[in-house]
Amino acid sequence: MAIYHLSMKPMSRASGRSSVAAAAYRAAEKLENARDGMVHDFSRRSGVEHAEIVLPESADAEWAKDRSALWNAAEASEKRKDARVAREIEVALPHELSAEQRLELTREFAQGLADRYGVAVDFAIHSPHGHTDVRNHHAHIMMTTRKVASEGLGDKSELELENKRLVALGLPTSHEQLRDIRIGWEERTNEHLARAGLDIRVDHRSHQERGLEIEPTQHMGVHATQMERRGKDVSRVRIDEDAAKRNAALIREKPEQVLTLITNEKSVFDRHDVARTLHRYIGDAVAFQAAFATVMASPALVELQAEQRDERGQVVEQARYSTREMVGIERDMAISADRMADGRGGGVAGRRVAAAIEARPFLADEQRAAIEHVTGPGRIAAVVGLAGAGKSTMLAAAREAWQAEGYHVHGAALAGKAAEGLEESAGIVSRTLASWERGWERGFNQLGPRDVFVIDEAGMVGSKQLSQFIQTVDRAGAKIVLVGDPEQLQPIGPGAAFRAVAERVGFVELEEIRRQREGWQREASVDLGRHRTEEGLAAYAERGAIRLEDKAEHARDAIVRDVAADMEARPDGSRLVLAHRNADVRDLNEAIRTVRRERGELADERVYRTTEGERAFAPGDRVLFRENNRELGVKNGMLATVELVSGPDEMDGQRLVVRLDSSSGPGRGRAVSIPMADYAAVDHGYATTIHKAQGATVDRAYVLASGTMDRHLTYVAMTRHRDGVTLYADREEFSDVAALSARLSRSQAKETTLDYDRAAYASRRGIEVPPREAVAAREIAAGRAGFRERYEAHRQQRMEEAARDRQAHGLVREWTRLSEAYNKALPALAADPALVGGARAELLGFEQMLDRHSEAARILRARGRDFGVKDGSALARVLASPDAGRAIGRLMEGAERDMRGQLALEAERAAARKQQERSVSRDRGMSM
């Protein structure tokens, strides 16, 4: 499991340190310090995976890409004998990421530092080596203390100024800047973990801040590591070992501490999740096993589903667990939801509902049904709507009916942009969920029986947060309406609460797509939203809307060309470029601006210092807001068009005047004047991440595919358009459309404890569940039964997919076991043919396993890489063959032929050695 580690320290001459020596060591290079003439040669050092220097995007300082020139300039810029010559940040890299993903994460973080402070950043990624932990991937990031310029280093960066000067300039103190850097590393790491499809997160807060007594692991310094390798005692190691012993003792006493760490990310987990978490804190094998046994025997642990085995006794599905706390949170959410579903309140008179519907004759029948459902007498209502199915139009009519009845209607969403979209499209005044929570903590904005609370994009909200909101609304006697799609972006926190609540209370469904104008596109959107990703993408592939280029840069170039052509053909149209990785978004933004600049469309550019580094803006530029600001009335993810730019020497000071996007088009909303000295969280807005695009609607969308995407991200990206969308990919990552579709069809859907039979595990663990809360008691009312049947079908399909994936993993494991047993028996081919014959027969039996599990075999053939099957491997050749038994036979014939040849060669060598020994012995006898 990934761990969080970030430490920052200065390099100063007072401590005898040299930036040239440090850079040479970290990059494994030979560098000469011109200041004292010393040569530091670490070129033979191993363990350096990658070293690179990044500069601010706006800097024209190619000279600084030379490591020797850069750090000798840093030394020459400082005259004092106790001067600070550099600053170093050390970070732990998640071992769960691939080497390429770790490099991308580190480069992105380093680029952010360079852009924010205007300095040169030299980073080196080190791999685990020697006797260190095999997961100890880490990076050393060195920053110059001065800003980099075209001819050398200039003024000190903000990070190096004294606090009194920073305060006078209205800038964050050094402590606040360090905290921002720590939070920034957490956010970037979690984003990259999510992109990789990993359901784990890091947290920059200390364990004490999170209420945990477990001591975090410690990283050993360079010198301490070197001393330990030479066999010397190192106190740092003893401290870590002592901490591990204390952790083991604490876990035996309070095993729920480990379970709390797990349920910060997952509502339901298995034994492997427990083991991974424990492994972070306990290294000794005996202590680990004891702690693992203690956690698994903890009264805080709840078994939701027993281990599943097949007829041969092999495990086909791990036991599933949660904690009493998590069960309680989701149970309390369910109890409140049940009570509100059975209660009365928030209903609207039929004549007012009819009036709101009649005022909108364009509404479809399912939209009318949804309006009647949410304005009904129940105090909770759920609407499951496919992307582009008209949820906002339905809510606008419902809001009118509620207000006509005298209710106060409030809106909320997880993201600021989604809240803004709800307010703009449905007329419901909205804020983020976090903003509502802060207000309630301070006693503001309390709800009552005459309030209706609408949560949009509810599928992105985790169980802990949604449980709190449902219970708060329940206690207030108000009504809550949940709107979303469980198939779109999944919650970052534990659980899939919206899906679970919709199952219990019933829901109406909006399935008729209205966003896309073409009928076949609407059908494709339904496929994408109903787990049929391959079918949805096939519709676009058949019409040339999926483009495979030879290389990644060619795919990006194709997007830029198409966007530029569309801008010229439809200057008033709306468009959006989408990518999953921030690095791709940044490259696409810059490339599109370059084309516009060359056309003369971005005259009178001004450069501003933003939170993302220096950025140039000109009238006509597209802007993305990256932070909420109530005074300006902007939210994270909103887009706008620049109308006016001004610099520091002008009357208005550094300021951007922009016009926000609206439902009528880009740059057609209200005007906003941004004082850049007070709000600098802006970036270019031609391209954005898929996460920021959920809820957006544009005429045309351009999507850059990457291997980090799953079916949920694909669904969101491919349903933002009205007129058209094109998906771009490169053959280096996806060999063909089939491989692309297989990769983009992966599911990362989450579970909740409510997915399991609560009555069964409650009785086993002594948890009281009132009869009305039992699963059977929820099968009520014929009107609700239809909703449940549809969602049960959805859940059943998801469970079947998971079962097939488990069978595919089982086939790979069985092949590995059988082939290893055969290879182990092969050397006995001549001495014990019966042994080899038995192993041969078992391996040939694998063909029958493929026949018995034909669906799992089909999945392996379609996307074997996802299950660890390498291209060209023996298993890959067997799967590719129309006759698996014959393919296995050919493999064994080749292996046995090679083994006979090897055995014959060894026999010849043995005979030659014996002959030589006899000759030596005969010669000795003759000499006597």
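Amide H contacts for Glu307 (H built 1.01 Å from N in the peptide plane; partners 5 or more residues away or on another chain; cut-off under 5 Å): Ala319. Sorted largest first by accessible area at a 1.4 angstrom probe radius, with every protein chain in place, the residues Asp41, Asp572, Asp723 fall in the order Asp572, Asp41, Asp723. Per-atom-type breakdown for the stretch 808-908 gives carbon and sulfur 53% of the accessible area (1.4 Å probe, protein chains only).
How much length is gained if the chain between Glu733 and Ala803 is pulled fully straight, taking 0.36 nm per residue apart and subtracting their Cα-Cα distance, in nm to one decimal?
Gain on stretching Glu733 to Ala803: 22.5 nm.
If the only charges are +1 at each Lys and Arg Cβ and -1 at each Asp and Glu Cβ, what is the size of the charge dipole of the stretch 808-908 around the Cα centre, to the nearest 20 debye? It would help to have the intermediate numbers written out before the result.
Details: 15 positive and 15 negative charges, 85 e Å.
With only Lys, Arg, Asp and Glu charged at Cβ, the dipole is about 400 debye.
Once all protein chains are placed together, Val39 keeps about 80 Å² accessible to a 1.4 angstrom probe.
With the convex hull drawn over the C-alpha atoms of the stretch 5-204, the volume per residue is 129 Å³. Here the calculated FRET efficiency for Gln289 and Arg179, from their Cβ-Cβ distance with R0 = 35 Å, stands at 0.35, rounded to the nearest 0.05.
Could you sort the peptides 895-904, 498-507, 184-193 by per-residue average Cβ neighbour count (10 Å cutoff), highest mean leading? Could you put the intermediate results ahead of the total?
Details: 895-904: 13.3, 498-507: 25.3, 184-193: 19.6.
Ranking, from highest mean packing down: 498-507, 184-193, 895-904.
Surface exposure of the stretch 808-908, expressed per residue as accessible area with a 1.4 Å probe, stands at 57 Å². FRET efficiency for Glu553 and Glu303, Cβ-Cβ distance as r, R0 = 45 Å, nearest 0.05? With R0 = 45 Å, the Cβ-Cβ based efficiency is 0.30. Per-residue extension of 0.36 nm, minus the Cα-Cα distance of Val167 and Ser873, leaves a gain of 247.9 nm for this segment. Taking each residue as 0.36 nm, the span from Glu627 to Ala681 lengthens on full extension beyond its C-alpha to C-alpha distance by 18.9 nm. The listed peptides 109-116, 517-524, ordered by packing as a protection proxy, come out as 109-116, 517-524 (highest mean of other Cβ atoms within 10 Å first). The label-point distance for Arg517 and Ala364, in a model that sets each label 7 Å from Cα toward Cβ, rounds to 1.8 nm. Computed with a 1.4 Å probe over protein heavy atoms only, the accessible area of Phe444 comes to about 120 Å².
A simple count of charges around Ala555, restricted to other residues whose Cβ falls under 14 Å of its Cβ and scoring Lys, Arg +1 and Asp, Glu -1, yields -4.
Along the stretch 704-718 the Karplus relation, 6.51 cos²θ - 1.76 cosθ + 1.60 evaluated at θ = phi - 60°, assigns HN-Hα couplings of 9, 7, 8, x, 7, 7, 10, 5, 5, 5, 4, 4, 5, 5, 8 Hz to successive residues, with x for each Gly and Pro. The residues of the stretch 326-489 present an accessible area of 34 Å² per residue when probed at 1.4 Å with all protein chains retained. The residues of the stretch 633-735 have, on average, 32 Å² of accessible surface per residue, using a 1.4 Å probe with all protein chains present.
Each Lys and Arg Cβ is given +1 and each Asp and Glu Cβ -1; about its Cα centre, the stretch 519-745 then shows a dipole of about 640 debye. Take the Cβ atoms of Val315 and Ser663, set R0 to 35 Å, and the FRET efficiency comes out at 0.05.
Sorted from greatest to least, the principal axis extents spanned by the alpha carbons of the stretch 820-928 come out as 78, 27, 18 Å. The label point for Glu49 and the one for Arg597, both projected 7 Å from the Cα toward the Cβ, are 3.3 nm apart. Legend: residues Ile200, Ile455, sorted from most to least accessible area (1.4 Å probe; ligands, DNA and RNA excluded), read Ile200, Ile455. Accessible surface of Ser663, taken over heavy atoms with a 1.4 Å probe and every protein chain present, rounds to 100 Å².
The values are calculated or read from the model by the stated rules, or taken from the named source; none is laboratory data. Since the structure is predicted, the reported quantities are computational estimates derived from the model, not experimental observations. Every residue, glycine as well, gets a Cβ built from its backbone with ideal geometry; the counts of neighbours run over all protein chains shown. Calculation scope for accessible area: heavy atoms of the full protein, side chains included, ligands and nucleic acids excluded. Shrake-Rupley method; radii C 1.70, N 1.55, O 1.52, S 1.80 Å.
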